[in-house]
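The values are calculated or read from the model by the stated rules, or taken from the named source; none is laboratory data. Since the structure is predicted, the reported quantities are computational estimates derived from the model, not experimental observations. Here the Cβ is made from the backbone with ideal geometry for all residues, glycine too, and neighbour counts use every protein chain on show. Just the protein is used for accessible areas: all its heavy atoms, side chains included, with ligands, DNA and RNA removed. Shrake-Rupley method; radii C 1.70, N 1.55, O 1.52, S 1.80 Å.
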Amino acid sequence: MDKVLIQGGTSLEGTVRVSGAKNASLLMLAAVLLTDEPCILRNVPNLRDVHFFISLLQGLGVEVELLSPNIWRIQAKKIHANPPYDLVRQMRASVCLMGPLLGRLGQAALPLPGGCVIGNRPIDLHLHGLKKLGCTVELKNGIVHIHAQQLKGNHIFLGGRFGSTVTGTANILMAATLSSGITRIENTACEPEIVDLCHLLTCMGARIEGIGSPQLTIYGQQKLHGADHTLIGDRIEAGTFLIASLVTNGHLIIDQFHTQHLRALLHVLENSGAKMNITANQIEVFPCLNQLTPFEITTLPYPGFPTDLQAQMCVLAACIPDLSLLTERVYPQRFMHVAELQRLGVRITLEGSTAIVQGGQRLSGADVMASDLRASAALYLAGLIARGETQVHRIYHLDRGYENFEQKLQALGAKLYRTAE
Ligand code: UD1
């Protein structure tokens, strides 16, 4: 296992190119199962989760080839319906194999995903939608067995206690592309990664109306064909670097992503006094830490404030004198980073699903433990501003979702290096 050692106190400077979107890549690696023809996916980030998903595809009989860094050729000529359980169990996102397997083969068998460190993550909405498409669902020995004689279009409401579901929307949408008839899904997730998935599916011959809205209409087809698609940039990685620039009072240009995908973050930062120059695909962030005022955020499904940036925003709140409030409405228990940030000197307390941060204290380096992907990023950011050395342990979480994070930070002047435990 590796850890990272961070020497805090450097302001980041320079230009960083954002990698392809992790969450889009996982959905698309599932979508290629919908056709037996080859698909080319470009701008796929080189991440642990991606390699993991590729192994899952190989386990299903899919042919994969890395054409050049970040470009994959994938052909699901002959596949079977039982992905290797040992792999599926290790990655929650493998749940989005369900829709494509049902569309293509009429059956799927996957272990029911267990609890997760960021909270309870049920799949009731996925199963509700699939049943509406005519599937039968049976749970045997922890494995969900789903069958469909024929998928039939239907009218589906896909909302739950916490609003829409991203991978649930993807599953129903992908299954519906290979159904008979018309499917109308209401309360769909509108995340940019779902929009990007719709674009890939359209390139594959799917007919989808309402792309980007909370109501999608899918005209089922008998067959989809191969496609060549370039993934969008990762808005969460971009947001993480944006926050890194602010907390280190740095001067960064964050390049090659759709800045409109970060509207909710940019709105909060502008109101807080951040100095930024924003164009369609790039943000320049100027040193302005001393001018920032406290903020309040509430995480919500897109276009609301992304839960995947909540932990990093706790670090920004720690840098701003006075009280900031961060409320989690997507994963109410997603606060594993709180105790670790306290070790670095952040004055942060929890009231229900709200983190209250009294900012303005100087942080000092400590040994901290990464608990999940975005919490890891928050600890890196805190380490960059803490006095002295911070050691972040269990950083394998970070490798799941940030491509070359340490190299990118080093190129911007950060003093950090990775070493074995
Ligand atoms: C996706 C993202 C993840 C992000 C999350 C929320 C991928 C691979 N992962 O996860 O990075 O943090 O969206 O933006 O794209 N829920 C139910 N029943 C269900 C499904 C979900 O109650 O059947 C609840 C969840 O517990 C959660 C909320 O709905 O409280 C949103 O979850 P969902 O959008 O499904 O998250 P993921 O798709 O797993």
**Request:** Evaluate region 394-408: report whether one residue or more is over 21 Å from the mean Cα position of the chain (by Cα), surrounded by fewer than 21 Cβ atoms within 10 Å (Cβ to Cβ) and not basic (Lys, Arg).
**Result:** no
**Message:** Given the options Ser272, Ser245, name the one that is open to solvent by less than 20 Å² (accessible area, probe 1.4 Å) and out of contact with any helix residue (DSSP H, G or I) (no Cβ under 9 Å at 6 or more places or on another chain).
**Reply:** Ser245
**Prompt:** Does region 124-139 contain at least one residue that is under 21 Å from the mean Cα position of the chain (by Cα), open to solvent by 50 Å² or more (accessible area, probe 1.4 Å) and either more than 18 Å from Gln215 (Cα to Cα) or assigned by TED's automatic domain parsing to the domain that holds Arg334 (or both)?
**Reply:** yes
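One line per residue, one yes/no per condition, for (1) touching a residue at least 40 places away in the same chain (Cβ under 8 Å); (2) in contact with a strand residue (DSSP E or B) (Cβ under 7 Å, 6 or more places away or on another chain):
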position: Gln312; (1), (2): yes, no
position: Arg334; (1), (2): yes, yes
position: Leu341; (1), (2): yes, yes
position: Arg347; (1), (2): no, yes
position: Thr354; (1), (2): no, yes
position: Ser371; (1), (2): yes, no
position: Ile385; (1), (2): yes, no
position: Gly388; (1), (2): yes, yes
position: Val392; (1), (2): yes, yes
**Asked** Applying the selection to region 288-310, what residues are assigned to a strand (DSSP E or B) and within 13 Å of the ligand (Cβ to nearest atom)?
**Response** Thr299, Phe305
**Fill in**
If we take region 146-243, then strands (runs of 3 or more DSSP E) inside it with 2 or more residues that are more than 16 Å from the ligand (Cβ to nearest atom) and under 27 Å from Ile40 (Cβ atoms) are 207-209, 215-219, 228-230
**Prompt:** Considering region 248-269 alone, what residues qualify as being open to solvent by 10 Å² or more (accessible area, probe 1.4 Å), in contact with a Leu (Cβ under 8 Å, 6 or more places away or on another chain) and part of a strand (DSSP E or B)?
**Reply:** His251
**Request:** For region 326-385, please list each of the strands (runs of 3 or more DSSP E) lying entirely inside it that holds at least 3 residues being in contact with a Pro (Cβ under 6 Å, 6 or more places away or on another chain), under 20 Å from Glu421 (Cβ atoms) and within 16 Å of the ligand (Cβ to nearest atom).
**Result:** none
**Prompt:** Take the residues of region 69-101 that are at pLDDT 95 or above and polar (S, T, N, Q): which is nearest to the ligand (Cβ to nearest atom)?
**Reply:** Asn70
**Asked** From Leu151, Leu60, Leu158, Leu67, which residue is among the hydrophobic types (A, V, I, L, M, F, W, C) and in contact (Cβ under 8 Å) with a residue 60 or more places away in the chain?
**Response** Leu151
**Message:** Return the pair list, or none, for Cβ contacts closer than 6 Å from residues in region 70-84 that are of a type in the set (Lys, Arg) to residues that are open to solvent by 70 Å² or more (accessible area, probe 1.4 Å), at least 6 apart or on different chains.
**Reply:** Arg73/Glu65; Arg73/Leu67
**Request:** Working carefully through the options Val285, Val315, Val330, Val357, find the one that is over 30 Å from Ile194 (Cα atoms) and surrounded by 17 or more Cβ atoms within 10 Å (Cβ to Cβ).
**Result:** Val357
**Request:** Might you let me know whether region 266-279 holds any residue that is among the β-branched types (Val, Ile, Thr) and within 16 Å of the ligand (Cβ to nearest atom)?
**Result:** no
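Give the residue that is farthest from the chain's Cα centre (by Cα), with candidates limited to residues of region 278-287 that are in a strand (DSSP E or B) and not hydrophobic (A, V, I, L, M, F, W, C). Talk me through it step by step, then tell me what you get.
So in region 278-287, the residues in a strand (DSSP E or B) come out as 278, 282-285.
Of the ones still in play, those that are also not hydrophobic (A, V, I, L, M, F, W, C) are 282, 284.
Details: Gln282: 20, Glu284: 23 Å.
Here the answer is Glu284.
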